[in-house]
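Okay, so here's the structure we're looking at.
The values are calculated or read from the model by the stated rules, or taken from the named source; none is laboratory data. None of these values were measured; they are calculated from a predicted model. Here Cβ is always computed from backbone atoms with ideal geometry, including for glycine, and neighbour counts include all displayed protein chains.
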Amino acid sequence: MGLFKPLETSKTENIMDNKNSEIEKIKCLIIGSGPAGYTAAIYASRANMQPVMIQGMEAGGQLTTTTEVDNFPGYPQGVTGPVMMEDLKAQAERFGTEVRWGVVTKVDFSERPFKVEVDGSKQIEAQVVIIATGATAKYLGLESEEKFKGGGVSACATCDGFFYRGKDVAVVGAGDTAAEEATYLAGLCNKVYLIVRKDYMRASKPMQKRVMNTPNLEVLFEHTTKEITGTNVVTGVTLTKTAGGKEEEVKLNIDGFFVAIGHRPNSELFTDYLETDKVGYLKTVPGTAKTSIPGVYACGDIQDSIYRQAITAAGSGCMAALDAERFLADLH
């Protein structure tokens, strides 16, 4: 595939499970795809690091569930998320990246070369590892929510808010993220409803003050989402209002429904070896993609709980590849 030539494999003892199996030895392994992983692959392959990418369960990352992307440089007419991911993948493969289907099921970062298990059986040893497994947005779990993903349901206001300029939207959540998304949307939309399950917000006091001082933003306390309605796209939402022990059904006409109840970093495989924050995001040395283990790098949303944009993910993917290249150069 492309310029890539597989390295020779050898039969050695698999330290991960003490069984004899064929272990593939490579320079650079990239775990996860998306803007961060593909950008890391582009830079790594151009630096002759012969990267192998394991795409994971969601090849292309969260952007494959997004329709229009208007804020990524280089696409003046906009582009759909899946098309942009295919473009990035093709560019990475052009320079020799081997992109593989599969899921990493186990890692051993206790010593280098690092040992990685794919699909429960395939064994790989890598001199450097770049982690780009991202973070998964939390959703409410409604059937109607799943139905309208990409058709009015979004987990990123800064990504999709532009498409709802002058329209009415709803945001569900009670923390700082929900407050930030709601106030951001209030600058674009005609009306914003903030749906809060309890009779108070968990957001910081300054964020709550900003919400309350935004004239076209209405907070609906003690409301829960029952169903998102529409035909091909979102046209409304049905809420359940709980007050004084009584329940009342409330219907709103909206064009967009934004879920802002947090993200879950996809870091479970790595927490035995790498430092994380209290939520689970991998910690990196400020200004770099370096994790707590030399030779292991993290990029994209797996280490970014603040920006979570395709362009920032791509930038950190570049950083990860350059850091990995310098690490390998210093070994010689």
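General remarks:
- Set Ala329, Ala320: member being of a type outside the set (Ser, Thr, Tyr) and buried (at least 22 other Cβ atoms within 10 Å of the Cβ): Ala320
- Only one of the numbered conditions (1) at pLDDT below 95; (2) part of a strand (DSSP E or B) is not met by Arg202, and that is (2).
- Gly151 part of a loop (DSSP other than H, G, I, E, B), more than 30 Å from Asp330 (Cα to Cα) and assigned by TED's automatic domain parsing to the domain that holds Gly34: no
- The residue that is nearest to the chain's Cα centre (by Cα), counting only those in region 110-134 that are among the acidic types (Asp, Glu) and buried (at least 20 other Cβ atoms within 10 Å of the Cβ), is Glu117.
- Region 183-195 - residue that is assigned to a helix (DSSP H, G or I) and within 10 Å of Gly161 (Cα to Cα) and, of those, modelled with the lowest pLDDT: Tyr184
- Val211 passes every criterion in (1) of a type outside the set (Ser, Thr, Tyr); (2) surrounded by fewer than 17 Cβ atoms within 10 Å (Cβ to Cβ); (3) assigned by TED's automatic domain parsing to the domain that holds Tyr193 apart from (2).
- Some residue of region 269-278 being out of contact with any Ser or Thr (no Cβ under 8 Å at 6 or more places or on another chain), polar (S, T, N, Q) and surrounded by fewer than 15 Cβ atoms within 10 Å (Cβ to Cβ): yes
- Taken over region 216-244, the residue count meeting the criterion of being in contact (Cβ under 8 Å) with a residue 12 or more places away in the chain and either in a loop (DSSP other than H, G, I, E, B) or farther than 24 Å from Leu142 by Cα (or both) is 5.
- Of all the residues in region 282-332, those that are part of a loop (DSSP other than H, G, I, E, B), at pLDDT 95 or above and of a type in the set (A, V, I, L, M, F, W, C) number 4.
- Test: Gln77 is among the polar types (S, T, N, Q) and free of Cβ contacts under 8 Å to residues at least 12 places away in the same chain: yes
- Residue within region 84-103 that is assigned by TED's automatic domain parsing to the domain that holds Ser292, in a strand (DSSP E or B), touching a residue at least 60 places away in the same chain (Cβ under 8 Å) and in contact with a Lys or Arg (Cβ under 8 Å, 6 or more places away or on another chain) present: yes
- Meets criteria (assigned to a strand (DSSP E or B) and either closer than 16 Å to Arg308 by Cβ or free of Cβ contacts under 8 Å to residues at least 24 places away in the same chain (or both)) for Thr177: no
- If the condition is being part of a strand (DSSP E or B) and buried (at least 17 other Cβ atoms within 10 Å of the Cβ), then region 135-147 contributes Ala135, Ala137.
- Meeting the requirement of 2 or more residues that are closer than 21 Å to Met319 by Cα and at pLDDT below 95, no strands (runs of 3 or more DSSP E) wholly within region 9-58 can be named.
- Residue count for region 255-268, restricted to those that are surrounded by fewer than 24 Cβ atoms within 10 Å (Cβ to Cβ) and closer than 11 Å to Val237 by Cβ: 1.
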